[in-house]
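Data first, discussion second: the structure below is written as structure tokens.
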Amino acid sequence: MSNTTTKPSRREVRAAASEYIYNLTGQPFPNSHKVYVEGTQDNVRVGMREITLSDTFIGGTEENPVFEPNAPIRVYDTSGPYTDPDFKLDVRKGLEKYREKWIESRGDTEILDSVTSQFSQQRMADEGLDHIRFEHLPKIRRAKAGKNVTQMHYARQGIVTPEMEYVA
């Protein structure tokens, strides 16, 4: 009697991975829900998690305990939109370009016609990778000539960017 198991083929593994990705859904955390805190600047919405706390035992007896309710607390939610029940998850399309309007409004970057690194050009030319390539590739940006587009540069100029407000 032999205990041989058949290892799935690469094609079967890829098919299973693809099915998993297409059926992926976001799940909220228990005893909490997603909330957004609006910023002072346009389009700044910071995802937070409001956590429901259990009541605190403050006295009484075993048969008749006395509890005090606790207010929920808010914490920064690093899960992005994936725990928002209103978010329609599609990993092939990627996430919303949340910062795009902020970057465009500064007017100090430009969009490149194509990728410029040799590695990226080789990868784009490799048709064997087409089946795993994302549908919506991001537009590649760079600073316009003579411009500095770092958050440090903006801060030194006294400019509070939406990105700074978001992280604050």
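Only the coordinates and a few stated rules stand behind these numbers; no lab work does. Just so it is clear, the model here is predicted, and its values are computed rather than measured. Using ideal geometry, Cβ is built from the backbone for each residue, glycine included, and neighbour counts are taken over all protein chains shown.
Set side by side, the residues GLY39, GLY59, GLY47 differ, and just one is among the small types (Gly, Ala, Ser), without any contact (Cβ under 8 Å) to a residue 40 or more places away in the chain and surrounded by 12 or more Cβ atoms within 10 Å (Cβ to Cβ), which is GLY47.
Selection within the range 23-36: residues that are exposed (fewer than 14 other Cβ atoms within 10 Å of the Cβ) and touching a residue at least 60 places away in the same chain (Cβ under 8 Å). The member of this set that is farthest from TYR82 (Cα to Cα) is LEU24. Among the residues of the range 133-150, those identified as within 20 Å of the chain's Cα centre (by Cα) and not basic (Lys, Arg) are PHE134, GLU135, HIS136, LEU137, PRO138, ILE140.
Just one of (1) part of a loop (DSSP other than H, G, I, E, B); (2) in contact with a helix residue (DSSP H, G or I) (Cβ under 8 Å, 6 or more places away or on another chain); (3) not charged (D, E, K, R) fails for GLY47. It is (1). The residues in the range 113-139 that are of a type in the set (Phe, Trp, Tyr) and surrounded by 10 or more Cβ atoms within 10 Å (Cβ to Cβ) can be counted, and the count is 1.
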